[in-house]
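Undergrad: Sharing a structure, written as structure tokens. Questions coming.
The values are calculated or read from the model by the stated rules, or taken from the named source; none is laboratory data. Note that the structure is predicted; figures quoted are calculated from it, not measured. When we count neighbours, we look across all protein chains shown, and the Cβ atoms used for this are built from the backbone with ideal geometry, even at glycine.
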Amino acid sequence: MNMNIVLVPGDGIGPDIVREAVRVLDRIAEIYGHDIAFREIDAGGISIDKHGVPLTEDALAVAAASDAVLLGAVGGPKWDHVPGSLRPEKALLGLRSGLGLFCNLRPAVIYPELSSASPLKPSVIADGVDLLVVRELTGGIYFGEKGRNPDGSAFDVMRYSVDEIRRIARKAFEAARLRRHHVTLVDKANVLETSRLWRETVSDLAKNYSDVELDYMYVDNASMQLVRDPKHFDVLLTENMFGDILSDEASMITGSIGMLASASLRNDSFGMYEPIHGSAPDIAGKDIANPIATILSAAMMLRYSFALENEAKAIEDAVSSALRDGVRTKDIALSGDEWVGTAGCGDEIIRRIK
Ligand code: IPM
Ligand code: MG
């Protein structure tokens, strides 16, 4: 298969970890006989430095013309002083909305080998944690009208249409069908009108998915249940900002934020894939960062954008086997453990790809 992949290394450790994912993809191409062309674009702080804006129209156009995008991370303290509309994060938001990526999948799983890294008590995670946050990504308060009033007050508007809710809810039900057939809609329907629209729309749509159990939870309660009883959750469906917050919480309870991948999708096969963690500028360029989340994001890319299930599985199996064999980067090593650097971790995974 021919694949045109756009790389967005971005800032901080972004280039370190994307480099390893590219080596993994090259190895897959070699073993399975694919042809992958990579093209790189600037986004985030590096683009501010080079072009004066976090994302140029050219860069967006190059991304839009590709089959899939693999992103490292954007942002860092270096750009903290730039005005809001020019912040590095704007690059992410611009890619998401410019490419129409309304569906954000953020799986949170506890790897048995790393369960001691979870901050939760062993009894709470005894049955493991395996949940999927399905976050609406191009609507809501992130993209509503925002501004300042003459009286000095400020506002951000949360708006959702029925269509925006339906298309993401469909994705959640479909994802649940491939998992444990359970969707929890997380909202604030006791206060917010948009949340009431979400409940009406999702409960209506649920009639088409009678094989999937649907329940509802207020977002404040959901944030408690995530640490009290994480196994309650299979697919957690929610709007943009709640999803931002809850996916950070969900990733933390696994104790392995350096391991978690994500996909941002729309209704065709195009997608953008990135690790859940940030740009960690303090360890950038030091061959310390854990590349696994980015490598697993590349696996998600093969699965969702290219329907290459065997190849995706080959990467995931290589990662699991490296973990079983005790390969650890600094962030997941217990004190006293030996650990490998970013490139060393890439090597260990690459040589286990079958
Ligand atoms: C995320 C990040 C972004 C978001 C920021 C960097 C704009 O926190 O991907 O979760 O809020 O969506
Ligand atoms: Mg976030």
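Undergrad: Test of understanding: among Met272, Met300, which residue is under 18 Å from Ala172 (Cβ atoms) and among the aliphatic types (A, V, I, L, M)?
TA: Being under 18 Å from Ala172 (Cβ atoms) and among the aliphatic types (A, V, I, L, M) holds for just one of Met272, Met300, which is Met300.
Undergrad: Looking at Asp211, is it under 25 Å from the mean Cα position of the chain (by Cα), among the acidic types (Asp, Glu) and over 18 Å from Asp163 (Cα atoms)?
TA: Criteria not met by Asp211.
Undergrad: Still on this structure, please answer the following. Within region 227-247, identify whether any single residue is within 16 Å of ligand 2 (Cβ to nearest atom), touching a helix residue (DSSP H, G or I) at 6+ places or on another chain (Cβ under 8 Å) and either of a type in the set (Lys, Arg) or farther than 25 Å from Arg167 by Cβ (or both), and answer yes or no.
TA: no
Undergrad: Of all residues in region 196-247, count the ones that are of a type in the set (S, T, N, Q), more than 16 Å from ligand 1 (Cβ to nearest atom) and under 12 Å from Val186 (Cα atoms).
TA: So the answer is 2.
Undergrad: Looking only at residues that are among the aliphatic types (A, V, I, L, M) and assigned to a loop (DSSP other than H, G, I, E, B) in region 1-40, which one is modelled with the lowest pLDDT?
TA: Residue satisfying both the conditions and the ranking: Met1.
Undergrad: Also, I was wondering about something else. Here is a list of conditions, (1) in a helix (DSSP H, G or I); (2) away from ligand 1 (no atom under 13 Å from the Cβ); (3) more than 22 Å from Thr294 (Cβ to Cβ), and Leu114 meets all of them except one; can you say which number that is?
TA: (3)
Undergrad: Give me the pairs: first residue in region 274-292 and touching a residue at least 60 places away in the same chain (Cβ under 8 Å), second residue among the polar types (S, T, N, Q) and within 16 Å of ligand 1 (Cβ to nearest atom), beta-carbon distance under 6 Å, and six or more apart or on different chains, which are they?
TA: Glu274/Ser262; Glu274/Ser297; Pro275/Thr294; Pro275/Ser297; Ile276/Ser251; Ile276/Ser262
Undergrad: While we're on this one: Take region 71-103 and flag every residue that is crowded, with 22+ Cβ neighbours inside 10 Å and either β-branched (Val, Ile, Thr) or more than 27 Å from Ala298 (Cα to Cα) (or both).
TA: Correct list: Val74 only.
Residue by residue, here is whether (1) at pLDDT below 95; (2) under 30 Å from Ala64 (Cβ atoms); (3) charged (D, E, K, R); (4) in a helix (DSSP H, G or I) holds:
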| residue | (1), (2), (3), (4) |
| --- | --- |
| Ile288 | no, no, no, no |
| Thr294 | no, yes, no, yes |
| Asn310 | no, yes, no, yes |
| Asp317 | no, no, yes, yes |
| Asp331 | yes, no, yes, yes |
| Glu348 | no, no, yes, yes |
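Undergrad: Return the residues of region 237-270 that are touching a Cys at 6+ places or on another chain (Cβ under 9 Å) and of a type in the set (Gly, Ala, Ser); say none if nothing qualifies.
TA: Ala263, Ser264
Undergrad: Now for a separate question. Look at region 200-224 and say how many of its residues are buried (at least 18 other Cβ atoms within 10 Å of the Cβ) and within 22 Å of Ile125 (Cα to Cα).
TA: Qualifying residue count for the region: 3.
Undergrad: Restricting to strands (runs of 3 or more DSSP E) lying wholly in region 146-190: which have 1 or more residues that are touching a residue at least 12 places away in the same chain (Cβ under 8 Å)?
TA: 154-156, 182-187
Undergrad: Restricted to region 270-284, and to residues that are modelled with pLDDT of 95 or more, outside any strand (DSSP E or B) and in contact with a strand residue (DSSP E or B) (Cβ under 8 Å, 6 or more places away or on another chain), which residue is surrounded by the fewest Cβ atoms within 10 Å (Cβ to Cβ)?
TA: Checked region 270-284; the qualifying residue surrounded by the fewest Cβ atoms within 10 Å (Cβ to Cβ) is Phe270.
Undergrad: Sticking with this one: Hey, which of the helices (runs of 4 or more DSSP H) in region 42-108, taking only ones fully inside, have at least 3 residues that are away from ligand 1 (no atom under 13 Å from the Cβ) and on the phi < 0 side of the Ramachandran plot?
TA: 45-51, 57-64
Undergrad: Take region 248-269 and flag every residue that is within 14 Å of ligand 2 (Cβ to nearest atom) and not in a helix (DSSP H, G or I).
TA: Residues satisfying the conditions are Leu260, Ser262, Ser264.
Undergrad: List every residue pair whose Cβ atoms lie under 7 Å apart, where the two residues are 6 or more positions apart in sequence or sit on different chains, the first residue falls within region 237-257 and is touching a residue at least 12 places away in the same chain (Cβ under 8 Å), and the second residue, located anywhere, is among the aromatic types (Phe, Trp, Tyr).
TA: Between residues of region 237-257 that are touching a residue at least 12 places away in the same chain (Cβ under 8 Å) and residues that are among the aromatic types (Phe, Trp, Tyr), the close pairs are Glu239/Tyr160; Glu239/Trp198; Asn240/Tyr142; Met241/Tyr142; Ser256/Tyr111.
Undergrad: Here is a further query. Any chance region 344-354 includes a residue that's surrounded by fewer than 17 Cβ atoms within 10 Å (Cβ to Cβ) and in contact with a Pro (Cβ under 9 Å, 6 or more places away or on another chain)?
TA: No, region 344-354 contains no residue that is surrounded by fewer than 17 Cβ atoms within 10 Å (Cβ to Cβ) and in contact with a Pro (Cβ under 9 Å, 6 or more places away or on another chain).
Undergrad: Run Ser264 past the list (1) in contact with a strand residue (DSSP E or B) (Cβ under 9 Å, 6 or more places away or on another chain); (2) away from ligand 1 (no atom under 16 Å from the Cβ); (3) within 22 Å of Ala176 (Cα to Cα) and report the number of the one that doesn't hold.
TA: (2)
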